[in-house]
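In what follows, a single structure is set out as structure tokens and then discussed.
The values are calculated or read from the model by the stated rules, or taken from the named source; none is laboratory data. None of these values were measured; they are calculated from a predicted model. Heads up, the Cβs are rebuilt from the backbone with ideal geometry, glycines too, and the neighbour counts pull from every protein chain shown.
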Amino acid sequence: MLPAVLQGAFSGARGSLLLCRGCLGSVGADAVAGLCARCWRGLVPLAEDRCPRCALVHADGDCPDPTAWACGDALWDYHGGRPPLGALLLPGLKAGERGWRRALLARVAVVALPDWAASVDQVTAVPSTLPHRLLRGFDFGAELGTLLAGRLGRPFELLLSKAWRSGRQATRTETQRRRLPRKAITLRRGAKPAGVVLLVDDVWTTGTTLLRCAQALRAGGAEEVRVLTLFRAL
Ligand SMILES: [Zn+2]
Ligand SMILES: [Zn+2]
């Protein structure tokens, strides 16, 4: 007889549903992609009184976040659920977990979106690097952006690219090292951002990558950038 934890691991590998892959509890017929209904309820909306710009709650009301956008939000709390569902799902997605990806996109297809999303002109996604796309076999950001663009009736376009860093950082001067992150995200050749651009990503943590993307979009001609991610972490 195997310990319960190992049974869960093996049942997950075979695709049968003996134990939940999240909480390792028993699963019923309502399990989706190996996760029980209770685990899926870990897709918890953010606090109602969150900041409209950084999606966090500020005790004093003033947003300290120097973001390049006025509207920023996320669909769910990364730490929602027990175990936290965002922290379970996203590493799985990065490892190429297709069942979780389909199940998550099915929820994105029906979840309520911020009112301001309806007035964007086009949708784009935070870019992934080619090695990452090859490793996973799909570009989750592009799938997410395409789905949201379809819901909003706006075009989706990959406007940004992320450089696969060349050269060893240790060989660079301090100034070059500091400049590198800003230069890692650029407009794709021929991309022409215009009007209000909705930038989407899977998770928003410090926001540095989102900020770099927003800056590149603004520099490339976007009038305004708005940010929407699946999860907000911090
Ligand atoms: Zn569970
Ligand atoms: Zn704020």
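Which residue is surrounded by the fewest Cβ atoms within 10 Å (Cβ to Cβ), if the candidates are limited to the range 27-54 and must be more than 21 Å from Val110 (Cβ to Cβ) and either modelled with pLDDT of 95 or more or more than 9 Å from ligand 1 (Cβ to nearest atom) (or both)? This residue is Asp49.
Restricting attention to the range 185-215, the residues being outside any strand (DSSP E or B) and either not β-branched (Val, Ile, Thr) or not assigned by TED's automatic domain parsing to the domain that holds Trp116 (or both) number 15. Residues that are within 16 Å of ligand 2 (Cβ to nearest atom) and either aliphatic (A, V, I, L, M) or crowded, with 17+ Cβ neighbours inside 10 Å (or both): does the range 58-66 have at least one? Within the range 58-66, one or more residues are within 16 Å of ligand 2 (Cβ to nearest atom) and either aliphatic (A, V, I, L, M) or crowded, with 17+ Cβ neighbours inside 10 Å (or both). For the range 68-92, enumerate the residues that are farther than 15 Å from Thr229 by Cα and within 15 Å of ligand 2 (Cβ to nearest atom). Selection gives Ala68 alone.
Answer with yes or no whether Ser128 is part of a strand (DSSP E or B), under 26 Å from Cys71 (Cβ atoms) and free of Cβ contacts under 8 Å to residues at least 40 places away in the same chain.
Here the answer is no, as Ser128 does not meet what is asked.
Taken residue by residue, the range 69-90 has at least one member that is in a helix (DSSP H, G or I) and either out of contact with any Leu (no Cβ under 9 Å at 6 or more places or on another chain) or away from ligand 1 (no atom under 16 Å from the Cβ) (or both). The C-beta contact set for the range 104-120 (first residue farther than 21 Å from Phe140 by Cβ, second residue surrounded by 14 or more Cβ atoms within 10 Å (Cβ to Cβ), distance under 7 angstrom, 6+ apart or interchain) comprises Trp116/Cys71; Trp116/Arg226; Ala118/Leu152; Ser119/Val196.
Go through the range 119-140 residue by residue and tally those that are buried (at least 21 other Cβ atoms within 10 Å of the Cβ), of a type outside the set (A, V, I, L, M, F, W, C) and in contact with a Ser or Thr (Cβ under 7 Å, 6 or more places away or on another chain). Counting residues in the range 119-140 that are buried (at least 21 other Cβ atoms within 10 Å of the Cβ), of a type outside the set (A, V, I, L, M, F, W, C) and in contact with a Ser or Thr (Cβ under 7 Å, 6 or more places away or on another chain) gives 1.
With respect to Trp40, is the statement that it is more than 14 Å from ligand 2 (Cβ to nearest atom), under 13 Å from Ala233 (Cα atoms) and among the aromatic types (Phe, Trp, Tyr) true? Spelling it out, it is not the case that Trp40 is more than 14 Å from ligand 2 (Cβ to nearest atom), under 13 Å from Ala233 (Cα atoms) and among the aromatic types (Phe, Trp, Tyr).
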